[in-house]
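Everything on this sheet refers to the single structure shown next.
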Amino acid sequence: MGEKSWGMVIDVDKCTGCQACVVACQSENNIPINEEEHFNQRRAIEWIRVERYWEGEFPDVKARFIPILCQHCGEAPCEPVCPVFATYHNDQGLNVQVYNRCVGTRFCANNCPYHVRFFNFWEPEWPETLTNQLNPDVTVRSRGIMEKCTFCVQRIRRTERESERDGVDLDDGDRALSPACVNACPTSALVFGDFADPESKVSRLKEQEEKEDGRAYRLLENYGTEPSVVYLKKVEEGAKSASHG
Amino acid sequence: MDSHAVGHVGSGIQDTPRGVVRDLLERHDRTTGLYWRAVAAFGLLTVLGIVGFVMRVLDGVDDRSLWGYYAATFAFILTTAQAAPMVAIAPRLAKAHWRRPISRAAEMWSITGIVGLLIFIPMLWILPSLEDGRRTLWFFDPTDPDFAGVPVSSPHLWATAAILGLVALGIALLWVSSLPDFAAMRDNLTGWRQRWASRLALGWRGTSGQWNMLYHRLGILGALYFMMLVFVHFLISVDFLMALVPGWIDALYPATHAANALQAAAATMLLTMFFLRQFGGYKDYIGLDQFWGLGKLMFALSLLWFWFWFSSFIVLWYGKRPNEQAALELLMVGPYLPIFFVTFITVFVVPLFTMIWNPLRKSIWGPTIIAASVLIGTFFDRIRLYVAAYSVPGIGEPLIDKHELELEAVEKMNAVLPGLPDVFIIVGGISAVILAYLIASRIIPLVNIWEQRELLLYKVHKPFHKTEVLVLGKKD
Amino acid sequence: MQEHVQFTQKEVNRDLLYGVTNTIRWWPGLTIFLLVVFLAGAGAFGYMLNKGVGVTGLNRPVMWGFFMTNFVFWIGISHAGIMISAILRLTQAEWRRPITRAAEVLTVFSLTAALMAAPLVHVGRPWRAALWVFPYDFARGVWPNIRSPFIWDPSAVMTYLTASSLFVFVALLPDLAVIRDRSTGIAQKVYGLLCLGWRGTPRQWKLQAIAGILLSALVLPVFVSVHSIVSWDFAVNIGVEGWHSTIFAPYFIIGAIHSGVSAVAMIMALMVWLWKLDKYIRPDHFDAIGRLLIIVATTWFFFFFLEWVFALYTLEAPEIALRELQVFQHPYVWLFLIFLLTAYFIPVPVWLFKNARRKVWVMFWTTVLVNVGMWLERFLIIIPGLARKTPFTFDWGTYHPSLIEILMVAGTFAWVALGMLLFSRVFPLVPLFDIKEGMVVRDEVKIGRATVPATVRE
């Protein structure tokens, strides 16, 4: 396998805020069910969430959506502060969490400017009827440890194994490779791929949008975290007419 | 340390109050040929400095990078000469007896503040006004129409007022502490010194009311001088230094700037003491105790230097934020890395590894050499920071929205080297300060006569079991 | 400054060993009360172990709350002992003598309280906390991450705990021998073992003095490093805008000294009231500590001021939002007001008056106020900082402590008080030898009609 640098391009313009990605992630990654009380306690676990901001005053009000997940930063602030190496950077550009090592200091959560690290305040529980739907490829986390988006590393690993077994190259557009959120997105706002491969879909999108007049940006760039997730700006409705009005 | 603080004095004459007064006045009245030679030499160098300044002025004030060394000279004088009175103030407040022979020599440095003030005035034209969009302590965006009425030159105004206040306070402190000595000169000397002293003594007669007032005023003026010193360092280090580097946000730096000044003050005084001892004829008064007491203080402040530097460094370095990395690159690891190394070694490493060694600490030459090292280091430190900050390009363009210094831009920068005018300005500025000190030393005695006299009251030799011990009083 | 009072050695022994040789009337009652409070805290911890960290009020993004506040607070208090003992010993301040022991013991117990507050109850899986504090998993090649401030932290705290325990022990040796000579049976054997064969020979005295001075000098860098490192737990974070400030290390240190020295003044008042030690702890001592506190408090306030100035100087949205939350929004506005008043604006003006400084009750209540204020200071740094972490308003949060957390915090207070009480039942709270030494070196000098206190110098 060659060098990999997994990443994502998120087109905010395409996001409708439907939350399909949230649900897909929830079921793929054995995330405990967030009930009302979890939200009230501000302890809901959503590896990907759709943040909603209101812009303007009623009736000229607009809803803005932005899906936020772990940015798998190149210079991840969460990594150096963990005393037990429970989180570290792997050679494929992924920021991975080793659940067994974690003691739950929550230092990483504090140092993450994107708020994408989640702490298991309670022992996760599922209704009796749902225990069989748990994904066997994903660890069920116990209470007292941190967890976060893995870019569905289990899917990456499985696809890698299978392509190696079958002797075929990894296919960028392979749905088995893409994380659950990407597959679930009805408007294809989320695109997953390998930034190390200049021919991949994400690389081409990034290159195209980083040109002048492009829409590419990264979240909180002034923090110097070098995220692996590239966002594409919303195209303003009537942006052209605004110039003369 | 106090045990030695009082100890040995050369001949027997200094053991009686009258003897102390007579002896010190005699020493004050004597002016040697060496003195006149020194005045001539420093006077010449001062003229050279003025020449350098004129050369700089002819270049104009638009290119700020030309004025970096000028600003560094000002900062160095602020850090050393104007901080030196703290060596009198702090031990006096703590009632340490070892200060007595050197407190006047320390306070005398406050008169050189006038030179600092003169050097500061042109800097008001060199600095960009707030309209250019630099950061400032005054927390507002001048491009915002809401703030249109705010006087944009406020940093200039405040800094000038603060420096004026500092100089005034220093001279007031020097005068108040000299009153009894002027009275002594009035009563014991003849000639122009007597005439001047009787005017300057302001009718000092040594009543208990006057003494109470003196102690009270010395305490208040000392505390005010310290606060004003910290305030001046705060204003200068933010609005005249940090604000010029867009990404440099270091909340500790004003305190570091002031702490560096305290360290440099101790070093300045150690050197002053050495010269007074060797060439000024005060060998009988300034002894090992003073060097020991002040040397330890300087050592402690060297450790403080490291702690403050490291506290800033680790926070800026650990986070890897682009703006902070750029600031570090500019000030520490980039073009000015060699100067930073020199500073680090002379200001911290040298004192650390020498002053822990007892034989060296308990000597005259040991602390003196290390003080010289610290002063050199402080000088380079000021050069590193001010020259680097003043050489940041593009500050004239609005930066309020960016607040960013590009790391790549810094990496391409070269260190600004001093030109001939810069050398003249540095040498001349420092010489002017020393010249002012030399002149003042002919008007005011270099060793505090009344404090030295007072000491005799506090020490008593008493029998203790089979031996005799020194009992040292310490007033509340 | 010191009144010239002389006691006989016998008097000193009798007065200062009273608490060791006799059970004072209030002692059992107070001890049992504190034990109950401590056990309540321990019970709350047990409950949390059973249920999970969910029983606290922590949430996202306020991941650190009462426990961290309490940890910083106790580390702060622990700076008292070394401040009083080491610095005042090195500067030969005479007034330190009767209060060094209590201050040092306070250091030891508050450090253990801090260790309870942070690594133990703070983490998600406390049963693995030991594995983090003490390196583990060598066999699998997993080492602690020395880049993490949470590794520097236990290292510094443990070093400090070791050093300050040694400090207490070295200063205790001569006193232990005194107790050994006055006890019988098992107690005599135990004290005899503890005092390491102290016989008071000149050589032993010399070694003890050297050990004391060496420990004083060597412990100072540790003392500075501990709270600096605690501050870096916060300051090196880039994720929390309000914490990312270079001033944190000196600001925390001076704040720690402020609260620590205040705690010592508090304990001095308690020693006067409970142990009736007013013969040894005189108004002069309160006067001296009051003056020290004015300087410390004002320096602290200067750093507080700098911290604020530079928070606004950055002009960054989360910083501004954080300050707005701290100063204008309910309930933080009330906490902030209380903090400012109690930490500086009430005590310092009071201390400026000499008459006030010399009154035990004034010093007690003002220093209690300081510690209330300093606890709030840490709270106001940690919680609003997290609640307004970054520009994403979507994730701004809030925090309310749960009963469980309050119980555990109360438990640490009870633990420290309990420790001090138990210590005082077995060891003298005022160093006998230091008092006796003070008697020897103290003298007076007559200047005209005035008498000035003096000390004998070698």
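The values are calculated or read from the model by the stated rules, or taken from the named source; none is laboratory data. All values derive from a computational prediction rather than experimental measurement. In this analysis, Cβ positions are derived from the backbone assuming ideal geometry, glycine residues included, and neighbour counts consider all displayed protein chains.
Here are a few things to note about the model shown:
- Count of residues meeting criterion [in contact with a strand residue (DSSP E or B) (Cβ under 7 Å, 6 or more places away or on another chain), within 21 Å of C:Gly124 (Cα to Cα) and among the aromatic types (Phe, Trp, Tyr)] in the stretch A:60-98: 1
- Top-ranked residue in the stretch B:430-476 [being under 30 Å from B:Thr112 (Cα atoms) and among the hydroxyl-bearing types (Ser, Thr, Tyr); ranked as farthest from the other protein chains (Cβ to nearest Cβ)]: B:Ser431
- Selection count, the stretch C:217-233, where residues are at the interface with chain B (Cβ under 10 Å from one of its Cβ atoms) and of a type in the set (Phe, Trp, Tyr): 1
- The condition (being surrounded by 21 or more Cβ atoms within 10 Å (Cβ to Cβ), within 14 Å of chain C (Cβ to nearest Cβ) and under 28 Å from B:Thr73 (Cβ atoms)) is satisfied by just one residue among B:Leu385, B:Leu316: B:Leu316.
Quick grid of which residues meet (1) within 13 Å of another protein chain (Cβ to nearest Cβ); (2) at pLDDT below 85:
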residue	(1), (2)
C:Ala80	no, yes
C:Glu104	no, no
C:Val123	yes, no
C:Arg140	yes, yes
C:Ile146	yes, no
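- The lone exception for C:Val178 - which of (1) under 15 Å from C:Val426 (Cβ atoms); (2) in contact (Cβ under 8 Å) with a residue 40 or more places away in the chain; (3) within 23 Å of the chain's Cα centre (by Cα) it fails: (3)
- B:Phe299 meets each of the listed conditions (1) at the interface with another protein chain (Cβ under 10 Å from one of its Cβ atoms); (2) closer than 21 Å to B:Ser373 by Cβ; (3) within 21 Å of the chain's Cα centre (by Cα) apart from (1).
- The stretch A:4-105 holds helices (runs of 4 or more DSSP H) entirely within its bounds, and those carrying 2 or more residues that are closer than 20 Å to A:Gly144 by Cα and not polar (S, T, N, Q) map to A:36-40, A:78-81.
- Residues that are under 17 Å from the mean Cα position of the chain (by Cα), more than 11 Å from chain B (Cβ to nearest Cβ) and within 22 Å of B:Phe308 (Cβ to Cβ), drawn from the stretch C:240-266: C:Gly255, C:Ala256, C:Ile257, C:His258, C:Ser259, C:Gly260, C:Val261
- Members of the stretch B:336-345 found to be surrounded by 22 or more Cβ atoms within 10 Å (Cβ to Cβ) and within 15 Å of B:Asn260 (Cα to Cα), listed by number: B:Thr343
- If the condition is being modelled with pLDDT under 90 and within 14 Å of another protein chain (Cβ to nearest Cβ), then the stretch A:145-173 contributes no residue at all.
- Reported count of residues in the stretch C:106-132, each being hydroxyl-bearing (Ser, Thr, Tyr) and either buried (at least 23 other Cβ atoms within 10 Å of the Cβ) or in contact with an Asp or Glu (Cβ under 8 Å, 6 or more places away or on another chain) (or both), is 2.
- Cβ-Cβ contacts under 7 Å between residues 6 or more apart (or on different chains), taken from a first residue in the stretch C:295-321 that is closer than 17 Å to C:Trp351 by Cβ to a second residue that is modelled with pLDDT of 85 or more and among the small types (Gly, Ala, Ser), are listed as C:Trp300/C:Gly255.
- Single condition B:Leu229 does not satisfy, out of (1) over 15 Å from the mean Cα position of the chain (by Cα); (2) closer than 19 Å to B:Trp305 by Cβ: (1)
- Some residue of the stretch C:325-344 being surrounded by fewer than 18 Cβ atoms within 10 Å (Cβ to Cβ), in a helix (DSSP H, G or I), at pLDDT below 95 and within 14 Å of chain B (Cβ to nearest Cβ): no
- Considering the stretch C:1-113, the qualifying helices (runs of 4 or more DSSP H), each wholly inside and each with 2 or more residues that are touching a Leu at 6+ places or on another chain (Cβ under 8 Å) and more than 20 Å from C:Gly124 (Cα to Cα), run over C:9-16, C:27-51, C:66-82.
- Flag for C:Ala269 being within 10 Å of chain B (Cβ to nearest Cβ), assigned to a helix (DSSP H, G or I) and closer than 23 Å to C:Thr367 by Cα: no
- Checklist (1) surrounded by 16 or more Cβ atoms within 10 Å (Cβ to Cβ); (2) in contact with a Leu (Cβ under 9 Å, 6 or more places away or on another chain); (3) more than 13 Å from every other protein chain (Cβ to nearest Cβ) applied to C:Gly385, failing item: (3)
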